[in-house]
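Comments concern the structure below.
All of the numbers you see were taken from the coordinates with simple rules; none came from a lab. As the structure is a prediction and not an experimental result, all values here were calculated from the model. Glycine gets a Cβ as well: all are built from the backbone with ideal geometry, and neighbour counts include every protein chain shown.
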Amino acid sequence: MNNISRIAIITRHEFLAIAGKKSFIVMTILIPLISIACLGLPYLMMQFNKGDIETVAIVDESGRYGKAITDNDEFRFHDITPIGTTGLHEFYKRQDGLYAIVVIPADIDSTLSVDVFSQNAVRMGLQSYVAQCLGDTVTQARIASYNIPGLDKIINDSQADIQLNCVKWDEDGDESQSDAELASIIGLVLAFLTYMFVMMYGAMILTSVVEEKTNRIIEVMVSCCKPIELLLGKIIGVGFVGIVQIAIWCIFIGIISAIFGISTVASDPELIARTQMAGNIDADTGNMINNIMQSVASINLSGIAACFVLYFIGGYLLYGSMFAAAGSTVDQPNEGSQATIPMMMFLVLALWAGIACIDNPDGTLAWWCSMIPFTSPVVMMVRLPYDVPFWEIALSIAILFGSALGIAAVAAKIYRKGILLYGKKFSWKNIMAWIK
Amino acid sequence: MNFIETRNVVKQYDGHLALDRVSIDVPQGCVFGLLGPNGAGKTSLIRILNMITRPDSGELLFDGHPLHEKDITNIGYLPEERGLYRKMKVADHIMYIARLRGMNSSDARRAMGKWLERFDLTQWADKKIEALSKGMAQKVQFISTVIHSPKLLIFDEPFSGFDPVNTELLKKEILHLHDEGSTIIFSTHNMGSVEEVCEEIALINHSRVVLNGRVAEIRRRFSKKLYQVGISDTMKIDPAEGLFSIEHVQPSPAGGITAEIRLATGASLHDAIAYINDRYTLTTFQELLPSMNEIFIETVSNNNLQSAQQ
């Protein structure tokens, strides 16, 4: 019986303790569904929010603009101008089901203001619709009032909408299309994934450590194996859980992309051309996709994927061992969350730094945060799509893995002492003494 | 031959001396009681024997050689604070510990089958531990401790929390393991069980061994020269000057009296028996040895008194 085979047994146990549970399978399926639901939710909510068609009365004192507000699928408008503006409230109360009354003043051309009366909080939908209808019509009327023939066309023509095409040179001056928006989206998504995964799997390690300590199985465990073996087995076991879970999601994404035809092979221009020829996609859309795909192609996806994996592993080791050390200082299951505060702070800080770096991915903040090991796994993700020099990535990964090993060694010392101590208040002084 | 020997083992925690030059000998195949009040250092010593912690100094011999990492496959340990993975199935739990103790899968499975059957738990093998009653969970802990047939078994307060039926069952199994040749270390406050099962003891107080040796020998050493005398033809017994005094007399249910006498210093037991025999109808004569409980309390309080005076 050597250390390696014991670590293997522990790893297998830790892996099965999480991945063998029904809840793991359920969560693995649910998390992507929830994510999709979160993205689709605002749209769905808007759909639900539409509700019934409301009746709105209009008092048009200008006599011209009332007709500009036409019925849409949310509101029906009725002209009640003859009633006038006195006694509107009584009228409102008498009319059952009347939602609001819009009063267009006679001098709207100059004041540009309209009153909407209601006993309800007036919906944003009504406000923006009325403002839009009247705004367009009043603008037209104002343009017409200059009596210059064709003025509306002149104004239209003079509208300048600039489209930016960013072209990126490589060392030799070869051009490729770059799309900052796309790069920042990819960067953000990766940064968020790293943040989420490190936190999620770190928390799993913490739970496992706290469980062993609080139900006192730990005394039996450390009589069967060394604490460091237990710690390594846990970190590796939970790591495998992560790998399996992420692999399942990748397969998910693969299947979904295949269904919707957004295959990664689509970056192959030939394929796009063929698809276009087949008449599946009209020319405009084809061009747009082509542009996007060119931008995607300009981003070194496989390089980013490799870095993502490396940074994830490094970040996971670093934070995972910290979570384990934190867990070993916990006496009661419900104290667990308190012990994670330092890690959570670092992680949230890393995510915020990542978000802040989107605007200037080559700035000082971005540079330093992508070197500091506590933030680099998240912040570097934001920078990666913008072609970070190789030496910077190499240096940052070296720092990350170096400090991950260092932190793991320190964490193991804390863990070794912490798991066997009960009822002691944990002070930094104690912990520093253990590390020595 | 000694299976375990510790020589001058010292262990210090955060400025507190947990073990002060502790030397004990546990003979091969012995049931050894490790006694002492709470906080005396028993658990510290047990953790060192289990290689959970290392001594600051001192020597540890296991089966004749210095204690080594590979020896954990020959040790079974049931801690006082014992837990289980509540979400695991009974069989998985036992297998996990057995594998960590160095058994291969097929041996572990075979041994588990045997033990589950012996404890009437076979039909629970696939149940989660959280579904078990407390008594059944304790049996699972016991099986996990002994499944790899270790040469050395360490039980820390094994009977705490057990109902009388399970205590008997456990005692039987422990003695059975002893018969099969295992060396057993008991750590306990339960002096009744010490008298019943332990052959040798070491009593630790304030981090030091204050008393050790064979149980029978220790009880004799602590003899107060008290004897129980049964007399059938009288209701009264008088003390004999220079020979014995009377401690206590009570009527015997069989008729006559039962008296406790204390032999005078320098008097011979033979003379005392002859003296009584000449004057009364002697039915029983038996030495009253102090119980381990009395010895424990006496030793610990004397020792505490000494430490306080120092």
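Here are the numbers for the structure shown:
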{"item": "Chain B: most fluctuating residue of B:Ser44, B:Ser268, B:Ser105 per GNM, C-alpha cutoff 10 Å", "result": "B:Ser268"}
{"item": "Computed over chain B: relative contact order in percent, which uses C-alpha pairs under 8 Å that are six or more apart", "result": "20"}
{"item": "Cross-link partners of A:Lys93 among lysines (Cα-Cα below 24 Å; sequence separation of 8 or more within a chain)", "result": "A:Lys50"}
{"item": "Three principal axis lengths of region B:1-149 [C-alpha, angstrom, descending]", "result": "49, 30, 23"}
{"item": "Options A:Gln332, A:Asn3, B:Gly64, ranked by Cα towards positive dipole end of the protein assembly as shown, top entry (Cβ charges)", "result": "B:Gly64"}
{"item": "Rounded to the nearest 20 debye, dipole of region A:54-142 from Cβ charges on Lys, Arg, Asp, Glu", "result": "40"}
{"item": "Reach of A:Lys413 by Cα under 14 Å, taken over aspartates and glutamates that are not fewer than 8 positions away in the same chain", "result": "A:Glu229"}
{"item": "Simple spin-label estimate for B:Ser106 and A:Asp71 in nanometres, 7 Å along Cα-Cβ", "result": "8.4"}
{"item": "Derived scalar couplings ³J(HN,Hα) [region B:46-55; Karplus, 6.51 cos²θ - 1.76 cosθ + 1.60; whole Hz; x for Gly, Pro]", "result": "5, 5, 5, 4, 8, 6, 6, 10, 9, x"}
{"item": "Relative contact order of region B:224-288, pairs being alpha-carbon contacts under 8 Å that are 6 or more residues apart, as %", "result": "47"}
{"item": "Solution diffusion estimate, µm²/s, Stokes-Einstein, chain B, Kirkwood Rh from C-alpha pairs, 37 °C, viscosity 0.692 mPa s", "result": "148"}
{"item": "Kyte-Doolittle at least -1.0, axis length at least 27 Å by Cα - qualifying DSSP helices, chain A", "result": "A:22-50, A:124-145, A:180-214, A:227-260, A:301-328, A:390-418"}
{"item": "Pairwise FRET efficiency - A:Asn215 versus B:Thr234, Cβ, R0 = 45 Å, nearest 0.05", "result": "0.10"}
{"item": "Of B:Asp25, B:Asp126, B:Asp71, the one that fluctuates the most in a GNM where chain B has Cα springs shorter than 10 Å", "result": "B:Asp126"}
{"item": "222 nm mean residue ellipticity, helices alone, for the protein assembly as shown (DSSP H n ≥ 4; -39,500 (n - 2.57); rounded to 500)", "result": "-17000 deg cm²/dmol"}
{"item": "Hits among lysines - C-alpha to C-alpha of B:Lys224 under 26 Å, sequence gap 8 or more where chains match", "result": "B:Lys236"}
{"item": "Length gained when the stretch A:Leu349-A:Asn334 is fully extended (0.36 nm per residue, less Cα-Cα span)", "result": "3.0 nm"}
{"item": "Flagged links, alpha-carbon separation over 24 Å, of A:Lys21/B:Lys128; A:Lys417/B:Lys87; A:Lys21/A:Lys226", "result": "A:Lys417/B:Lys87; A:Lys21/A:Lys226"}
{"item": "Approximate spin-label separation A:Leu395-A:Val122, in nm, with each point projected 7 Å along Cα-to-Cβ", "result": "5.9"}
{"item": "Residue of B:Leu153, B:Leu84, B:Leu19 that the Gaussian network model of chain B assigns the largest fluctuation, springs spanning Cα pairs under 10 Å", "result": "B:Leu84"}
{"item": "FRET efficiency for A:Ile155 and A:Met196, using Cβ-Cβ distance with R0 set to 51 Å, rounded to 0.05", "result": "0.55"}
{"item": "A:Arg76 long-range amide H proximity, modeled H, under 5 Å", "result": "A:Glu54, A:Thr55, A:Val56"}
{"item": "At R0 = 41 Å, FRET efficiency that the Cβ-Cβ distance of B:Asp120 and B:Val249 yields, to 0.05", "result": "0.25"}
{"item": "Cα-centred dipole magnitude for the protein assembly as shown, charges only on beta-carbon of K, R (+1) and D, E (-1), debye, nearest 20", "result": "2740"}
{"item": "Cβ-based exposure ranking for B:Glu200, A:Glu14, B:Glu287, A:Glu74, in which fewest neighbours within 10 Å come first", "result": "B:Glu287, A:Glu74, B:Glu200, A:Glu14"}
